[in-house]
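The values are calculated or read from the model by the stated rules, or taken from the named source; none is laboratory data. Worth saying up front: this structure is predicted, and the values here are computed from it rather than measured. Cβ placement follows ideal geometry from the backbone for every residue including glycine, while neighbour counts extend to all protein chains displayed. Side chains are part of the model used for accessible areas, which takes the heavy atoms of the whole protein and leaves out ligands, DNA and RNA. Shrake-Rupley method; radii C 1.70, N 1.55, O 1.52, S 1.80 Å.
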Amino acid sequence: MKEKLEQIKKEALEQIGNAGALDALNDVRVNFLGKKGALTAVLKSMKDVAPEDRPKVGQLVNEAREEIEKALESAKTKMEQIIREQKMKAEVIDVTLPAKKNSVGHRHPNTIALEEVERIFIGMGYEVVEGPEVEKDYYNFEALNIPADHPAKDEQDTFYVNGDILLRTQTSPVQARVMEQGKLPIRMIAPGRVFRADEVDATHSPSFHQIEGLVVDKNITFSDLKGTLAEFAKELFGEDTKVKFRPHHFPFTEPSAEVDVSCFKCKGAGCRFCKGSGWIEILGCGMVHPHVFEMCGIDPKEYTGFAFGIGLERISLLKYEIDDMRLLYENDIRFLKQF
Ligand code: DAH
């Protein structure tokens, strides 16, 4: 019996010495000291031992148990110590490392340009209003005197949600919405996103931005329009900027014009920005068509007004000398950082 116990103890201590992890140690505990363990089995076989030998054997079993337990405990402590040290090493903080730099965000060139345009018109007493991007066919076309057979209404140019609802192709519907409210006089700009079924290239995108302008009051004339836009161009592009009105056609204005500004880069001499002409087109405008007034419930005999529509991207591309519109939508931080 004594030898058997010695053998069990030897095996247990050997296994403890070989255990490489806490799990393995636990296995040793279960295998020798557990309910079905080797040492426990010896205790269970006590009934076969002669009664006079029992105390002696019992003592030996206890001694063996104590020794195994001690060995387990010290192996466990050693192992835990090693694990702790490894963890400390892995989690060490290098306080000499330089801190991460927080980069400051940049405003998008479109945002900068829009804020500049808004600043100019707010300075002239205009209000900034907004209209819906998902718009009724009525406001986008009909109320603006654009007839049902107008080519702009073609599905090739306009994104339709259904027969009556579309993604607005221009910010002009905001004119109709504001006039319809009937609060006169009106002096407003309406910036916002517009949509057209265009292929993407350096000068086109299916979604871009416009800034609509509308003034309605008694005795508003084409001279007011000219003076306003001349002032706007000077503020935006510099004091020596000239404007040129070219006759044009828009269904919702009569007469209508397109406005060019003298090239701010070459001052009219001709360069790659103005394609050699000395002039750059920046907007469309005109006197509000009497029919549009009537549809919006304003008496065209009493009131007159002017409207204009500016392409925001045109302004930001020009002002910041960007030659590809796609750059404005890719949101590449390296590009945006420059503004
Ligand atoms: N809505 C026109 C367009 O998208 C631009 C425009 C032209 C707006 C003349 C106006 C205007 O308000 O009077 O091409």
Which residues, taken from the range 218-241, are among the β-branched types (V, I, T) and within 14 Å of M287 (Cα to Cα)? I220, T221, T228
So, K265, is that one in the same structural domain as Q170 (by TED's automatic domain parsing), at negative phi, among the charged types (D, E, K, R) and more than 14 Å from the ligand (Cβ to nearest atom) or not? yes
Would you call C274 closer than 26 Å to P185 by Cα, open to solvent by less than 30 Å² (accessible area, probe 1.4 Å) and either assigned to a loop (DSSP other than H, G, I, E, B) or at pLDDT 95 or above (or both)? no
Give the residue that is nearest to L22 (Cα to Cα), with candidates limited to residues of the range 46-86 that are among the basic types (K, R) and open to solvent by 80 Å² or more (accessible area, probe 1.4 Å). K78
Looking at I93, is it open to solvent by 90 Å² or more (accessible area, probe 1.4 Å), β-branched (V, I, T) and assigned to a loop (DSSP other than H, G, I, E, B)? yes
Name the single residue, out of those in the range 294-311 being within 14 Å of the ligand (Cβ to nearest atom) and under 17 Å from F250 (Cα atoms), that is nearest to the chain's Cα centre (by Cα). G311
Can you work out which of the residues in the range 189-199 that are surrounded by fewer than 18 Cβ atoms within 10 Å (Cβ to Cβ) and within 13 Å of the ligand (Cβ to nearest atom) is nearest to H209 (Cα to Cα)? R193
Assess whether E281 counts as being in the same structural domain as P206 (by TED's automatic domain parsing), within 16 Å of the ligand (Cβ to nearest atom), open to solvent by 60 Å² or more (accessible area, probe 1.4 Å) and under 15 Å from L236 (Cβ atoms). yes
Scope the range 203-258; condition touching a Lys or Arg at 6+ places or on another chain (Cβ under 7 Å) and of a type in the set (A, V, I, L, M); matching residues: V215, A257
Step by step: first the residues of the range 125-150, then only those that are in contact with a strand residue (DSSP E or B) (Cβ under 8 Å, 6 or more places away or on another chain) and among the aliphatic types (A, V, I, L, M), then the one that is least open to solvent (accessible area, probe 1.4 Å). Which residue is that? V129
